[in-house]
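The values are calculated or read from the model by the stated rules, or taken from the named source; none is laboratory data. Every value quoted in this text rests on a predicted model; they were computed, and no experiment measured them. Virtual Cβ from ideal backbone geometry, glycine too; neighbours counted across all protein chains shown.
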Amino acid sequence: MDSYDLVVVGGGPAGIGAALSGAKNGLKTAIIERNPMLGGNWTNSYVVSILGVYTYDGSEKIVGGIVDEIVETLKKFGGTKGNVGNFIPFRPDEMKIALSYLVEKYKITTYFNSLVTGCELSKDKITSVKVVGKDGMHEISGKEFVDSSGDADLSYYSISKAMEGKEGEGWHQETTIPFRIANVNEAELIKFSKEHPKLVSAPLVDGKVSKIHINPPLVEKAKKDNELYLPNENSEFLFNTSREGEFICNATHAKIKDFRSGKEVATAINDLRHQVISSFEFLKKNVHGFENSYLMDSSPGIGMRETRRGIGEYILKRDDVLNGGRFDDHIARCGHPLEIHDPNKGLVYIHLNKGDSSWYEIPYRSIVQKGIDNLFIIGRCLSAEFDAQASARVSGTALAMGHAAGVAARMCINDNIAAKEVNVKELQETLKTQGAIL
Ligand SMILES: Cc1cc2nc3c(=O)[nH]c(=O)nc-3n(C[C@H](O)[C@H](O)[C@H](O)COP(=O)(O)OP(=O)(O)OC[C@H]3O[C@@H](n4cnc5c(N)ncnc54)[C@H](O)[C@@H]3O)c2cc1C
């Protein structure tokens, strides 16, 4: 059986943060990923902007450390030019390259096409995970484990309990397949938006179109005329990918009841692909500037925002998020609003009570799995209420949680202690020396 100090399940932003942190802190680390690439939603679902590194108004940097190394590596491969206000746009292919480069650099053993389907326990500790791949079922053992599957898979396998969907109502945030359009004539688009401000707005940054809003009158008319298939939206939003004339659109939305069902996921994906081509054809036909554009690509996989969440030593509350919660055991900051893609109400943003320059703290206890001594739950599967996760899930924050999990895992192994026994002051000091902003 392959054996490691730290076993990370899921190679998305949270898992990457944990694996890099573990390896940089001296742990023999493995990362297990069901897809043939690293990056999770970044690369599989074209979430091509890192949010959460800055406050929502972009005035203050609130996440540092591992994210800075990823951004510098991306720059080296031409994958980003750095932040634009509160977000860091990047190119997904260069992200794949940068992440492969980093796992090689830090000698992190990577397992692709490998789905974790269960685990073995000894008392309150996980001893190994069960992995299914083309080579059949095998086990990988470890001393410390991180659940960064986004779906709290390992958390659930270990303790058979988890939170799922909106409390008391059971629905999930809607899913999306983003798509990229290239060769948009920005000059024509700007002219069109000035002539028809009620239909289209195209705000500029440094003379370039940064975002495109296709407003309800145009979208609703096209839907009424059966020219556009976009069941759950009455507007479309695109933002520039950092290349002239190239934009990404997040407007497609599909409901999902059971993220575990391959059949249901396929139904959602097929419907979303239909929305992609219909949206593209609608833009090409109705918005000046798009006449000679072409559909570059849509994301390989489906973008899941929220599915299942672990139950930790503390459950981050909606009120903690909205009221700028402060915790003695904080390990990260986040300033993103609650962003809820509600299947009934559409996209709802609820801003932090102290405004877009404020932030709240994520407590260490909410990344420590309750009832298991050696499991951290980070990123989308953080121990948080549905509404709190709607903010804390952004990828910059997920990375920061991963950083903390990697350092805490090192401390658990060094001191032979359970995750909940970690000396948090020491953890915070170590994180700060490694660039984290606390
Ligand atoms: C359409 C969309 C737009 C978004 N926009 C933004 C944005 O602009 N900026 C931003 O910062 N955030 C955005 N988000 C949120 C952000 O993408 C996620 O919250 C973030 O990716 C969370 O990272 P994660 O590592 O927790 O989860 P994920 O990115 O979901 O990664 C989980 C990884 O675990 C793997 N995995 C799952 N189960 C298993 C298993 N059993 N065994 C092995 N591997 C497994 C998955 O394949 C995946 O690679 C968006 C999300 C969506 C869906």
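Just one of the listed residues (THR176, THR110) is more than 10 Å from the ligand (Cβ to nearest atom) and of a type in the set (Val, Ile, Thr), namely THR110. Considering every residue within segment 25-39, establish whether at least one is part of a helix (DSSP H, G or I) and in the same structural domain as GLY379 (by TED's automatic domain parsing). Scanning segment 25-39, I find no residue that is part of a helix (DSSP H, G or I) and in the same structural domain as GLY379 (by TED's automatic domain parsing), so the answer is no. Restricted to segment 177-198, and to residues there that are part of a loop (DSSP other than H, G, I, E, B) and either free of Cβ contacts under 8 Å to residues at least 24 places away in the same chain or not hydrophobic (A, V, I, L, M, F, W, C) (or both), the residue that is surrounded by the most Cβ atoms within 10 Å (Cβ to Cβ) is PRO178. If the condition is being out of contact with any strand residue (DSSP E or B) (no Cβ under 7 Å at 6 or more places or on another chain) and over 16 Å from GLY85 (Cβ atoms), then segment 193-217 contributes LYS194, GLU195, HIS196, PRO197, LYS198, LEU199, PRO216, PRO217.
Taking every residue in segment 100-121 that is in the same structural domain as SER160 (by TED's automatic domain parsing) and pairing it with any residue that is surrounded by fewer than 19 Cβ atoms within 10 Å (Cβ to Cβ) and small (Gly, Ala, Ser), at least 6 positions away or on another chain, the pairs with Cβ-Cβ distances below 9 Å are THR110/SER100; TYR111/GLY133; PHE112/GLY133; ASN113/GLY133; SER114/GLY133; LEU115/GLY133; GLU120/SER141.
Each row is one residue, and each column tells you yes or no for (1) among the acidic types (Asp, Glu); (2) in a loop (DSSP other than H, G, I, E, B); (3) surrounded by 15 or more Cβ atoms within 10 Å (Cβ to Cβ).
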{"site": "GLU244", "(1), (2), (3)": "yes, yes, no"}
{"site": "THR252", "(1), (2), (3)": "no, yes, yes"}
{"site": "ASP258", "(1), (2), (3)": "yes, yes, no"}
{"site": "ALA266", "(1), (2), (3)": "no, no, no"}
{"site": "VAL276", "(1), (2), (3)": "no, no, yes"}
{"site": "SER279", "(1), (2), (3)": "no, no, yes"}
{"site": "PHE282", "(1), (2), (3)": "no, no, yes"}
{"site": "LYS285", "(1), (2), (3)": "no, no, no"}
{"site": "GLY289", "(1), (2), (3)": "no, yes, yes"}
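Number of residues in segment 114-135 that are assigned to a strand (DSSP E or B), of a type outside the set (Val, Ile, Thr) and within 15 Å of the ligand (Cβ to nearest atom) equals 6.
Candidates are the residues of segment 378-411 that are within 14 Å of TYR364 (Cα to Cα) and more than 12 Å from the ligand (Cβ to nearest atom); the one that is farthest from the chain's Cα centre (by Cα) is MET411.
Tell me whether segment 83-100 contains one or more residues that are of a type in the set (A, V, I, L, M), out of contact with any helix residue (DSSP H, G or I) (no Cβ under 8 Å at 6 or more places or on another chain) and away from the ligand (no atom under 13 Å from the Cβ). Yes, because at least one residue in segment 83-100 is of a type in the set (A, V, I, L, M), out of contact with any helix residue (DSSP H, G or I) (no Cβ under 8 Å at 6 or more places or on another chain) and away from the ligand (no atom under 13 Å from the Cβ).
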